[in-house]
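Beneath this line is the structure, given in C-alpha cells, with notes to follow.
The values are calculated or read from the model by the stated rules, or taken from the named source; none is laboratory data. Note that the structure is predicted; figures quoted are calculated from it, not measured. Positions of Cβ are generated from backbone atoms using ideal geometry, with glycine treated the same way; all protein chains shown enter the neighbour counts.
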C-alpha cells in the first residue's frame, strides 16, 4: 500500500481548463494539488494519487482556469484625462486640446507633481478592479514621468504595488514613451539620457524586469529604439516594443531581431513582421481597448499571426489617454468581436501567451505541475462564457499562490 503524501491544499469539484500549449485541454472533474504555493499535481480526480491535504476545497461544479495575466498596462500615473475625453466628444480637436496643455503632457505634468505615495494609492485602486476579475499577474510600465527622477519614482511605485497586493507585478521601464517638452528641440538628447543615466540606475537598483519603447512616426524612430535596445542588451534587460500602431515602420521586425519578448498593438504589421516574430518567438500583444477608443479601422493581421505561428496575447493597455480599461475580461470579448480571435485564442492570450509576453511561460499561464498555484474558479459551464458575457463582474474565486483571496 502506497503511503499518502501530505500537501497544503487540494482543490476539487470543477472542470480544469488547463490552457496547456495555449489550448483549452479541459479535464473533467479535475483535481489540483498544491504545496508551498506551487501546483504539484494536475489531473482527473479519479486518477489522483493518495494525498493528505491540510485543507481541502470542493467546488459545486464550474470551471477552474489559470489566473489571468494582463501583460501590458500603464496603471501608474497622476491625474486622469476624462475631461479631455468629454472635450473630444463635444468636437474639440486633438490639436486644440494639446494647445491647452492636454494630451500626454497633462499626464506627464500630473505624474511629476505626484508623490510616490500618491502614485501607489491611485494605481492600487485601478489595479484592484483588475484583480477582482481574476487577474493574478500584471505588467505595469513607467513612461509618464519623462524626466530622470520621475521615471525612477514611477518604477519604485510599481515595485511597492507588487509588495502590497496578492498578485505578481512585473515592472517595465518605458522611459522611451514620448519626448519630454524639455527635449522637444533635441530629441536625441533624451535618448542619450535614457541610455546613459536612467537604464543603468534601473538595472543597478532592480527597478524593472524589461525595457520598452514606442516606435512610431510621432514618437521614437527605429534608429533611436535600436540605441535603447542596445543599452538594454548590454545591461542584460529583455526588451519589448510598442510597434505598428498607427503606421508601418518595421518596428515589429526590429523588436524580433533583438529577440524581444513582445511587440504590441501591431495594427499595421505586415507579413514580413509576422514572419520575423514567428521565427524569433516574439509574442504579438493585441490591445483592443485603444483600437476601440480611438475608433481605428485597421485591424491587426490575426490571420498572418496564425499563419506564421506567432503567439497572440491580449491585454488591457490600461492608461489614462487611449484605453482607460479596468476589465481584462472585456478585452476577451473585444479580441473576439473586433479582431476575430476565437474564444480559445482570447483565453490563451490572457493566460499562457500573456505569460510568454512577460518571459514567465515556464512558471505561469497554465494549470500544470511545477507552475505557481495561481488559478480562478468561475461558476460557468464553458470557458467561452468568459469572452461571451459583456460587463458586470462575474462571480469568481481567485487563488493566488495557493491561497484563496
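The table for this structure:
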item: Residue within the stretch 260-277 that is in the same structural domain as residue 105 (by TED's automatic domain parsing), touching a helix residue (DSSP H, G or I) at 6+ places or on another chain (Cβ under 7 Å) and touching a residue at least 60 places away in the same chain (Cβ under 8 Å) present; result: no
item: Residue within the stretch 333-342 that is closer than 27 Å to residue 44 by Cβ and surrounded by fewer than 24 Cβ atoms within 10 Å (Cβ to Cβ) present; result: yes
item: Residue in the stretch 302-313 that is touching a helix residue (DSSP H, G or I) at 6+ places or on another chain (Cβ under 7 Å) and within 24 Å of residue 393 (Cβ to Cβ) present; result: yes
item: Filter result for the condition that a residue is surrounded by fewer than 18 Cβ atoms within 10 Å (Cβ to Cβ), out of contact with any strand residue (DSSP E or B) (no Cβ under 9 Å at 6 or more places or on another chain) and modelled with pLDDT of 95 or more, over 132, 114, 121, 99; result: 121
item: Condition met for residue 84 (more than 21 Å from the chain's Cα centre (by Cα), closer than 30 Å to residue 211 by Cβ and modelled with pLDDT of 95 or more); result: no
item: Residues satisfying the stated conditions in the stretch 1-52, i.e. under 29 Å from residue 310 (Cβ atoms) and in a loop (DSSP other than H, G, I, E, B); result: 18, 19, 23, 24, 25
item: Elements of type helices (runs of 4 or more DSSP H) contained in the stretch 244-358, each with 1 or more residues being at pLDDT below 95; result: 288-293
item: Filtered residue count, the stretch 62-80, keeping only those that are closer than 17 Å to residue 317 by Cα and in contact with a strand residue (DSSP E or B) (Cβ under 9 Å, 6 or more places away or on another chain); result: 10
item: Failed item in (1) under 16 Å from residue 376 (Cα atoms); (2) in contact (Cβ under 8 Å) with a residue 60 or more places away in the chain; (3) surrounded by fewer than 14 Cβ atoms within 10 Å (Cβ to Cβ), with residue 16 passing the rest; result: (3)
item: Residue check for residue 306: assigned by TED's automatic domain parsing to the domain that holds residue 131 and touching a residue at least 60 places away in the same chain (Cβ under 8 Å); result: no
item: Among the candidates 136, 172, residue that is farther than 30 Å from residue 246 by Cα and assigned to a strand (DSSP E or B); result: 136
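Condition check ((1) surrounded by fewer than 13 Cβ atoms within 10 Å (Cβ to Cβ); (2) within 23 Å of residue 386 (Cβ to Cβ)) across all residues:
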{"position": "4", "(1), (2)": "yes, no"}
{"position": "7", "(1), (2)": "no, no"}
{"position": "11", "(1), (2)": "no, yes"}
{"position": "24", "(1), (2)": "no, yes"}
{"position": "32", "(1), (2)": "no, yes"}
{"position": "42", "(1), (2)": "no, yes"}
{"position": "52", "(1), (2)": "yes, no"}
